[in-house]
Amino acid sequence: MSETTNQVIAEDVTKTVEQYKDWQIETAEDYMAAGALLKAIKEKLAKVDAHHKPMVDQAHQLHKSAIAARDALTKPLKAIGSHVRAECGRWDTAQREIARKAQAEADRIARKKADDEQLAEAERLEAEGHAAAAEAVLEVPVAAPVAPVVPPAPKPAGISYRENWKAELVDFAAVPRDYLMVNWPEVNRVAKISKGEVEIPGFRIYSERTTAVR
């Protein structure tokens, strides 16, 4: 890329920008001149693009090559990392389920022990001839027993877990209006192909005019 050519193009662009940055159409002649100005700008853009294309293409290719070389090494490592994280999650979930069941069993045993002790006390009182006292003992709710807490499975150093709460749609008709989203691509597609002939409830179909240069 010639430094001289680049400087000439840069000077031409700067001159055009400075000359027309505050330009306004005030007369019919100005309006007619706008067409020629837009065409000139379009030609200057094409000239800038053509001048810089080799350098841009070369940089793009170098970037692609660097990305490919990097990805060839990082993708396998990331895949292994994802696999190990999934295994850690699977193991931790399984261990937590084991601990939950063990805790439930410990609670059941503690509850049964408390119930058995209450029944034994009532039977003792009744055997001693204290029927009313025995009945009163049985009417007293058994306090929730405190079972030994099952310790969680140990975690290796450097590993932690985050709760990631998500929602699953189970009844679209029950979804509140605040959680619905307008399908703008479809709405604009219908507006474009129908050119306003098709009305969509809740929308105003209109046209925006833009200036094109041929």
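Annotations
- Flag not set for Ser194, criterion: farther than 30 Å from Leu37 by Cβ and loosely packed, with under 10 Cβ neighbours inside 10 Å.
- Meets criteria (closer than 30 Å to Ile41 by Cα and either of a type in the set (A, V, I, L, M) or outside any loop (DSSP other than H, G, I, E, B) (or both)) for Ala153: no
- Long-range neighbours under 6 Å by Cβ, at least six apart or interchain, first residue on the phi > 0 side of the Ramachandran plot within segment 26-55, second in a helix (DSSP H, G or I): none
- Ala34 being closer than 22 Å to Arg214 by Cα, surrounded by 13 or more Cβ atoms within 10 Å (Cβ to Cβ), at pLDDT below 95 and out of contact with any helix residue (DSSP H, G or I) (no Cβ under 9 Å at 6 or more places or on another chain): yes
- Residue within segment 117-129 that is loosely packed, with under 10 Cβ neighbours inside 10 Å and modelled with pLDDT of 95 or more present: no
- Per this entry, Ala99 is not counted among residues that are aliphatic (A, V, I, L, M), free of Cβ contacts under 8 Å to residues at least 40 places away in the same chain and surrounded by 10 or more Cβ atoms within 10 Å (Cβ to Cβ).
- When segment 197-213 is filtered for residues that are more than 30 Å from the chain's Cα centre (by Cα) and either more than 28 Å from Met32 (Cβ to Cβ) or touching a residue at least 12 places away in the same chain (Cβ under 8 Å) (or both), the ones remaining, listed by number, are Glu197, Val198, Glu199, Ile200, Pro201, Arg204, Ile205, Tyr206, Ser207, Thr211, Val213.
- Scanning segment 89-147 for residues that are assigned to a helix (DSSP H, G or I) and among the β-branched types (Val, Ile, Thr), we see that the one that is farthest from Arg162 (Cα to Cα) is Val137.
- Taken as a whole, the structure leaves Ala114 outside the set of residues that are over 15 Å from Val149 (Cβ atoms) and surrounded by fewer than 12 Cβ atoms within 10 Å (Cβ to Cβ).
The values are calculated or read from the model by the stated rules, or taken from the named source; none is laboratory data. Being a predicted model, the structure only gives us computed values, none of them experimental. Counting neighbours? That spans all protein chains shown, and the Cβs are built from the backbone with ideal geometry, glycine included.
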